[in-house]
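*Asks:* I am attaching a structure below and will ask some questions about it afterwards.
The values are calculated or read from the model by the stated rules, or taken from the named source; none is laboratory data. This is a predicted model, so every value here is computed, not measured. Reconstructed Cβ throughout: ideal geometry from the backbone, glycine too, with neighbour counts over all protein chains shown.
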């Protein structure tokens with residue numbers, strides 16, 4: 001799986017010279033973008049599912065190698081749907097110290113322990129402070145921001161065969177974090193660290209941040 | 001179903017082992033290994049949250065955890081260790097400090113709680129923000145007014161110390177650098193070992209030798225169960241809930257549990273602390289505002305104020321909120337509270353800095 005981070009129709013560049021524009025016309029320059037993808041599942045047309053064990057990845061725009069995720073040992077077959085969680089399941093938020101992608105880092109809140117699922121930081125002329133800080137996380141109701149999505153495959157089929165490694169190219173459109181069910185304007189909301197406002201962004205993420213762009217048969 | 005012969009063997013095995021042990025005399029140079037503290041669940045305690053099976057205690061890992069607990073290099077300036085603000089002789093609270101001093105004498109915002117029986121806690125801190133004993137130390141380590149250090153820097157410092165390199169390798173095996181998993185698992189070996197279960201009350205509760213109570217202490221226990229026991233419940237003397245006990249009319253400085261839940265219903269609620277070793281853990285409350293137990297009882301009897309989230313159990317129809325205590329009840333309560341002091345825990349050399 002490849003996660004291609006974009007801002008609308010543009011490929012996302014950190015610290016871009018020209019700001020991107022949100023659906024509402026707010027300007028945005030991104031300095032940091034990281035998000036967790038977890039619990040990846042593939043489903044065949046007959047409904048049988050393959051669930052990846054220990055499925056946790058941290059995608060970092062500043063680290064190209066993190067944007068390509070390889071899933072080993074998938075049983076041969078034709079898979080017609082893909083499902084994953086944006087974030088980290090509740091269980092791993094409280095299971096003690098973890099390793100690998102889940103090792104404690106600045107994607108973890110120490111004072112209110114739990115993972116930051118998506119971290120987007122940058123600047124905007126519309127923000128009163130000039131800064132844009134969106135730390136989306138939380139697993140306790142009513143501020144649970146764990147979202148599981150199954151982006152439309154647009155009739156693409158992932159054909160897993162002996163000696164073949166198909167590639168699924170996904171796009172993650174950061175501008176979709178600020179539009180959808182909830183319109184986010186930086187003039188009134190530019191600093192989010194969990195809580196009710198994080199839920200607004202998570203709902204936007206679930207509504208269409210991730211799309212399947214194309215699938216390579218390889 | 002298991003094979004009958006196999007199950008007979010399994011039953012026989014311990015018996016054979018016992019015979020072996022009884023039959024042999026230990027060699028002169030074999031000294032019985034002292035058990036790692038806090039490994040067993042005391043007879044009068046419930047099942048722990050963080051049972052020994054979650055991070056099986058070993059001598060080397062426990063001692064490594066102890067070194068880390070008393071290691072000032074965990075702080076940015078190399079001056080503040082966990083043990084600086086959590087002192088064994090006062091049940092790992094901070095003696096005489098309303099608020100504790102972090103690096104460069106920066107003052108904390110809440111009273112340092114006693115560290116005891118952490119294996120049984122569902123969450124940590126006055127607001128319950130830390131939800132696992134292994135990750136709990138990250139907050140004090142990184143808090144600017146406490147140790148003001150980063151996890152990466154802590155690991156860097158440990159990794160250039162040959163003593164720690166050797167000891168971590170001994171506990172975790174492998175030849176890689178010390179990582180956050182190893183560091184936090186080792187530290188949890190010590191924090192989970194801080195079991196206080198041998199106060200005079202415990203001996204009384206378990207009907208052991210040394211468990212005699214005076215008439216006043218027996219009456220005090222009764223008052224405690226009747227008037228304080230719905231919150232300071234059970235053998236751990238806390239139900240681990242968050243409650244507003246009428247300290248203030250508003251909580252602008254510290255919203256307590258609401259800091260974590262973002263809920264207005266949680267404003268002014270703080271974790272109900274255990275009463276174990278309470279005679280030693282002054283000053284009291286989340287901000288350390290009361291210096292003596294007598295002041296605390298004054299507060300409960302006639303010092304409370306109303307606020308929106310005040311615990312309903314503290315409301316008294318037709319009068320200000322509180323818990324009515326007669327002079328006799330106060331005296332008995334104080335007598336009882338002193339039976340919760342656990343000298344064995346406070347003086348256990350295995351838990352001390354060395």
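*Asks:* Among the listed residues B:89, B:69, B:62, identify the single one that is farther than 22 Å from residue B:281 by Cα and in contact with a helix residue (DSSP H, G or I) (Cβ under 6 Å, 6 or more places away or on another chain).
*Replies:* Criteria check complete, one pass: B:62.
*Asks:* Starting from the range B:133-146, keep only residues that are more than 14 Å from residue B:104 (Cα to Cα) and not assigned by TED's automatic domain parsing to the domain that holds residue B:55, then list their pairs with residues that are modelled with pLDDT of 95 or more and crowded, with 24+ Cβ neighbours inside 10 Å whose Cβ atoms are within a distance under 9 Å, requiring at least 6 positions of separation or different chains.
*Replies:* Short answer, once both residue conditions are applied: none.
*Asks:* Quick one: count up the residues across the range A:162-198 that are without any contact (Cβ under 8 Å) to a residue 60 or more places away in the chain, part of a helix (DSSP H, G or I) and either within 14 Å of another protein chain (Cβ to nearest Cβ) or more than 12 Å from the chain's Cα centre (by Cα) (or both).
*Replies:* The number of residues fulfilling the criteria is 3.
*Asks:* Continuing with the same structure: From the list B:174, B:163, which one is at pLDDT below 95 and more than 11 Å from chain A (Cβ to nearest Cβ)?
*Replies:* The match here is B:174.
*Asks:* Follow-up. Does residue B:94 satisfy being under 18 Å from residue B:275 (Cα atoms) and surrounded by 20 or more Cβ atoms within 10 Å (Cβ to Cβ)?
*Replies:* Spelling it out, residue B:94 is indeed under 18 Å from residue B:275 (Cα atoms) and surrounded by 20 or more Cβ atoms within 10 Å (Cβ to Cβ).
*Asks:* Quick one: in the range A:72-102, of everything that is part of a loop (DSSP other than H, G, I, E, B) and closer than 29 Å to residue A:29 by Cβ, which residue is nearest to the other protein chains (Cβ to nearest Cβ)?
*Replies:* Taking the candidates together, the pick is A:88.
*Asks:* Yes or no: residue B:43 more than 14 Å from chain A (Cβ to nearest Cβ), exposed (fewer than 15 other Cβ atoms within 10 Å of the Cβ) and farther than 30 Å from residue B:235 by Cα?
*Replies:* Against the criterion (more than 14 Å from chain A (Cβ to nearest Cβ), exposed (fewer than 15 other Cβ atoms within 10 Å of the Cβ) and farther than 30 Å from residue B:235 by Cα), residue B:43 does not qualify.
*Asks:* Could you pull out the residue among B:122, B:116 that is more than 9 Å from chain A (Cβ to nearest Cβ) and surrounded by 23 or more Cβ atoms within 10 Å (Cβ to Cβ)?
*Replies:* Criteria check complete, one pass: B:116.
*Asks:* If you scan the range A:2-20, which residues turn out to be without any contact (Cβ under 8 Å) to a residue 60 or more places away in the chain and either touching a helix residue (DSSP H, G or I) at 6+ places or on another chain (Cβ under 9 Å) or on the phi > 0 side of the Ramachandran plot (or both)?
*Replies:* A:15
*Asks:* Applying the selection to the range B:228-254, what residues are surrounded by fewer than 21 Cβ atoms within 10 Å (Cβ to Cβ) and within 14 Å of chain A (Cβ to nearest Cβ)?
*Replies:* Result: B:254, single match.
*Asks:* Residues of the range A:109-129 being touching a strand residue (DSSP E or B) at 6+ places or on another chain (Cβ under 6 Å), under 28 Å from residue A:29 (Cβ atoms) and not in a strand (DSSP E or B), which ones?
*Replies:* A:124, A:125
*Asks:* Determine, yes or no, whether residue A:208 is under 20 Å from residue A:59 (Cβ atoms) and crowded, with 22+ Cβ neighbours inside 10 Å.
*Replies:* No, not satisfied.
*Asks:* Additional query: Would you call residue B:276 within 14 Å of chain A (Cβ to nearest Cβ) and either within 21 Å of the chain's Cα centre (by Cα) or within 29 Å of residue B:47 (Cα to Cα) (or both)?
*Replies:* The answer is no for residue B:276.
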